[in-house]
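Undergrad: Dropping the structure in here first, questions after.
The values are calculated or read from the model by the stated rules, or taken from the named source; none is laboratory data. The structure displayed is predicted, hence computed values, not measured ones. Positions of Cβ are backbone-derived with ideal geometry, glycine not excepted, and every protein chain shown enters the neighbour counts. The area values use the complete protein model at the heavy-atom level, side chains included, leaving out ligands, DNA and RNA. Shrake-Rupley method; radii C 1.70, N 1.55, O 1.52, S 1.80 Å.
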Amino acid sequence: MENIALIESFSEFKDDKFIDRVTLMAILEDVFRSALKKKFGSDENFDIIINPDKGDLEIWRNRVVVEDGEVEDPNEEISLSEAQKIEPDFEVGEDVSEEVKLIDLGRRAILALRQNLISKIHEHDNTTIYKQFKDLEGEIYTAEVHHIRHKAIILLDDEGNEIILPKDRQIPSDFFRKGDNVRGIIESVELKGSKPTIIMSRSAPKFLEQLFFQEIPEVFDGLITVKKVVRIPGEKAKVAVDSYDDRIDPVGACVGMKGSRIHGIVRELGNENIDVINWTGNPQLMVTRALSPARVSSVKLNDEKMTAQVYLKPEEVSKAIGRGGHNIRLAGQLTGYEIDVFREGVEEDVELTEFSDEIDAWIIEEFKKIGMDTARSILEQDVAELVKRTDLEEETIIEVVRILKEELEE
C-alpha cells in the first residue's frame, strides 16, 4: 500500500498532453532505476512493474540464496537464514524475489526521485514542443495575446505554448489588446537552455507569401507560383507571380475583380500597398514591370555590375521613385539590380557626386536613397517634399538647392 500511496503524486503526469503511455513508463522506470543504483549500487537485478494509469508501482529485487556467512554482495546475494524468513522452504542456489517498498529508499531519496521525474517530464515536453514548432517554421500560426510588453507581445496558443512577437517583427500600425487573436508566421524556434523560444513575425516577406497561399485558391492549388516577395512592412510590397498555364492570368487571379481577392490580405497587413507583378525571365522587362506604376521608356542593364539605367519621361519619375523612395527600393530588391533613374529629354544635368567638394558625402547618399542622384532630380522637387522623403533638415536641403541652382545657372 505504501508504494501505491507514494506513486499517486507521480500519476498526475499520465494526462500530460505531450507524453504517451509508453514514453511515460520509460521515463518512470529510468527515474526509479537511477534511485536504485544510488541506493544499492546496481539496478541490474531489479524488476520494475509500472501501471501509470492506476498510479501503481512494484519493485522486486532478485537475489541468489547462499550459505550463512558467505554473502559477498548483499545486493545480489541473501543468506539462507534470511531467505527462509521470507519462505521457509528456500534452499541454497535458489533465486529469491523480494519486494522493495518505496519507503525503504528513504524520504530524501523519494523527494529527489520526484524532482528528477518532474525534470525529465519537462525536458521531454520541451523537446516535443521544439520539434513540433520547428516543423512549423515558415507557416502561418494563430495565437492569442496574453501579455503586452514594451519590446514584445507574449502570445499563448490553444495548448498554452508561449510565442513571442517582438516589436521589430510587428507591422508599424499593429495594435493589439489582451485576448486578441494574432496571425503571423513561425519565424524561428530555438532551444535556450532546455526551454524552446518560439518567435513569430508579421513583418517577414514569408508572411505575405503564406497569406497568398491561404487566400488565393490558384496559388494554394499550385496553378500560380509566387516567385518572390519584397516588402516594407505596413507601407508597400511587391509580389512577383507566374503561371505555367497560359490560360491563367496570374496577376488578375491574385488581385481579383476590383481587388476583391487581395483585399483581405491588404487589411491583414495594415493596408499595406501591394503591387502584384507578372514574373519574367527577361531582366529588362522585369525591371520595367518592377517599377510599376511608372511607365518606363527604356532600360540599359550592366549585368556585370548588376546596375540598371532606367529612362522615363519627367512626369513618370516621381511614380518610379515612389513615396519615401519605397517603389524604387523594392523594385531593386525584386530584380536584384541597383536602379538609377534618368529623365528623358533633359539635356543639361549634373551627377550629384560632382558636387562632393561643396556637399557632404552623407548628404549626397541620403538623396541617392530616394533615387535622386542628379542636380535636376532634386531641383524639380519642392523643398517641403524633399524634407518628407529624406532624413535631412530643411536648412540643409535649402543650402543644397542653392548650390545646385548656382551651378546650372552658370
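Undergrad: Output the residues belonging to region 256-278 that are touching a strand residue (DSSP E or B) at 6+ places or on another chain (Cβ under 8 Å) and either crowded, with 19+ Cβ neighbours inside 10 Å or within 17 Å of residue 235 (Cβ to Cβ) (or both). Give the derivation first.
TA: If we filter region 256-278 for residues that are touching a strand residue (DSSP E or B) at 6+ places or on another chain (Cβ under 8 Å), which is where we start, we get 262, 265-266, 268-269, 272-278.
Passing the criteria: 262, 265, 266, 268, 269, 272, 273, 274, 275, 276, 277.
Undergrad: Looking at region 279-298, can you tell me whether even one residue there is touching a His at 6+ places or on another chain (Cβ under 7 Å) and open to solvent by 30 Å² or more (accessible area, probe 1.4 Å)?
TA: Just the residues of region 279-298 that are touching a His at 6+ places or on another chain (Cβ under 7 Å), to begin with: none.
No, region 279-298 has no match at all.
Undergrad: Pairs only if they're at least six apart or on different chains, beta carbon under 6 angstrom, first in region 318-332 and β-branched (Val, Ile, Thr), second open to solvent by 10 Å² or more (accessible area, probe 1.4 Å) and in a helix (DSSP H, G or I); list them, first residue then second.
TA: Pairs found: 321/328.
Undergrad: Just give me the residues in region 1-44 being modelled with pLDDT of 65 or more, in a loop (DSSP other than H, G, I, E, B) and surrounded by fewer than 18 Cβ atoms within 10 Å (Cβ to Cβ), in sequence order.
TA: Of everything in region 1-44, those that are modelled with pLDDT of 65 or more, in a loop (DSSP other than H, G, I, E, B) and surrounded by fewer than 18 Cβ atoms within 10 Å (Cβ to Cβ) turn out to be 41, 42, 44.
Undergrad: Mind checking whether some residue in region 328-337 is exposed (fewer than 15 other Cβ atoms within 10 Å of the Cβ) and more than 20 Å from residue 391 (Cα to Cα)? So that I can check it myself, show each step before the final result.
TA: Taking region 328-337 and keeping what is exposed (fewer than 15 other Cβ atoms within 10 Å of the Cβ), we get 336.
Subsequent filtering for residues that are more than 20 Å from residue 391 (Cα to Cα) retains 336.
Yes - at least one qualifying residue is present in region 328-337.
Undergrad: Suppose we keep only residues that are part of a loop (DSSP other than H, G, I, E, B) and of a type in the set (Val, Ile, Thr) within region 347-370. Which one would you say is surrounded by the most Cβ atoms within 10 Å (Cβ to Cβ)? Working first, answer last.
TA: Applying the first criterion (part of a loop (DSSP other than H, G, I, E, B)) to region 347-370 yields 347-350, 356-360, 370.
If we keep only those that are of a type in the set (Val, Ile, Thr) as well, we get 350, 359, 370.
On the way: 350: 13, 359: 18, 370: 23.
My answer is 370.
Undergrad: Which one of these does residue 408 not meet: (1) among the hydrophobic types (A, V, I, L, M, F, W, C); (2) open to solvent by 70 Å² or more (accessible area, probe 1.4 Å); (3) out of contact with any Ser or Thr (no Cβ under 9 Å at 6 or more places or on another chain)?
TA: Among (1) among the hydrophobic types (A, V, I, L, M, F, W, C); (2) open to solvent by 70 Å² or more (accessible area, probe 1.4 Å); (3) out of contact with any Ser or Thr (no Cβ under 9 Å at 6 or more places or on another chain), the lone unmet condition for residue 408 is (2).
Undergrad: Next up: Filter region 119-149 for residues that are in a strand (DSSP E or B) and in contact with a helix residue (DSSP H, G or I) (Cβ under 9 Å, 6 or more places away or on another chain); which is surrounded by the most Cβ atoms within 10 Å (Cβ to Cβ)? Before the answer, list the steps.
TA: We begin by selecting, within region 119-149, every residue in a strand (DSSP E or B); these are 137, 140-148.
Within this subset, residues satisfying the condition of being in contact with a helix residue (DSSP H, G or I) (Cβ under 9 Å, 6 or more places away or on another chain) are 140-141.
Numbers: 140: 17, 141: 19.
Going through the qualifying residues, I end up with 141.
Undergrad: Every residue in region 201-235 that is under 17 Å from residue 261 (Cβ atoms) and part of a helix (DSSP H, G or I), please.
TA: If the condition is that a residue be under 17 Å from residue 261 (Cβ atoms) and part of a helix (DSSP H, G or I), then 208, 209, 210, 211, 212, 213, 214, 215, 217, 218, 219, 220 are the ones that fit.
Undergrad: Among the residues of region 233-248, what is the count of those that are over 26 Å from residue 322 (Cα atoms) and open to solvent by 30 Å² or more (accessible area, probe 1.4 Å)? Even if it seems obvious, please write down each step before you answer.
TA: Initially, region 233-248 is screened for residues over 26 Å from residue 322 (Cα atoms), giving 243-248.
Restricting the remaining residues to those that are open to solvent by 30 Å² or more (accessible area, probe 1.4 Å) gives 244-248.
Matching residues across region 233-248 total 5.
Undergrad: Restricted to region 284-322, and to residues that are of a type in the set (Lys, Arg) and under 23 Å from residue 349 (Cα atoms), which residue is farthest from the chain's Cα centre (by Cα)? Before the answer, list the steps.
TA: First, the residues of region 284-322 that are of a type in the set (Lys, Arg): 289, 295, 300, 305, 313, 319.
From what's left, under 23 Å from residue 349 (Cα atoms): 295, 300, 313, 319.
Values: 295: 38, 300: 39, 313: 43, 319: 34 Å.
Among them, the one singled out is 313.
Residue-by-condition table, conditions (1) touching a Phe, Trp or Tyr at 6+ places or on another chain (Cβ under 6 Å); (2) modelled with pLDDT of 85 or more; (3) more than 22 Å from residue 402 (Cβ to Cβ):
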position: 324; (1), (2), (3): no, no, yes
position: 333; (1), (2), (3): no, yes, yes
position: 342; (1), (2), (3): yes, no, yes
position: 364; (1), (2), (3): no, yes, no
position: 375; (1), (2), (3): no, no, no
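Undergrad: Quick one: in region 371-386, of everything that is open to solvent by 20 Å² or more (accessible area, probe 1.4 Å) and either assigned to a loop (DSSP other than H, G, I, E, B) or touching a Cys at 6+ places or on another chain (Cβ under 8 Å) (or both), which residue is farthest from residue 319 (Cα to Cα)? Spell out how you get there, then give the answer.
TA: Of region 371-386, the ones open to solvent by 20 Å² or more (accessible area, probe 1.4 Å) are 376, 379-385.
If we keep only those that are either assigned to a loop (DSSP other than H, G, I, E, B) or touching a Cys at 6+ places or on another chain (Cβ under 8 Å) (or both) too, we end up with 380-382.
Details: 380: 14, 381: 13, 382: 15 Å.
Looking at residues that are open to solvent by 20 Å² or more (accessible area, probe 1.4 Å) and either assigned to a loop (DSSP other than H, G, I, E, B) or touching a Cys at 6+ places or on another chain (Cβ under 8 Å) (or both), I get 382.
Undergrad: Just need a number here: residues in region 205-218 that are modelled with pLDDT under 95 and of a type in the set (A, V, I, L, M).
TA: So the answer is 1.
Undergrad: Can I ask one more? Restricting attention to region 253-291, report how many residues are in contact (Cβ under 8 Å) with a residue 60 or more places away in the chain and either in a loop (DSSP other than H, G, I, E, B) or under 22 Å from residue 329 (Cα atoms) (or both).
TA: Applying the first criterion (in contact (Cβ under 8 Å) with a residue 60 or more places away in the chain) to region 253-291 yields 268-272, 274.
Cutting the leftovers down to either in a loop (DSSP other than H, G, I, E, B) or under 22 Å from residue 329 (Cα atoms) (or both) gives us 269-272, 274.
Residues meeting the conditions: 5.
Undergrad: Restricting to region 150-195, count the residues that are under 25 Å from residue 271 (Cα atoms), part of a strand (DSSP E or B) and open to solvent by 50 Å² or more (accessible area, probe 1.4 Å).
TA: Selection size over region 150-195: 3.
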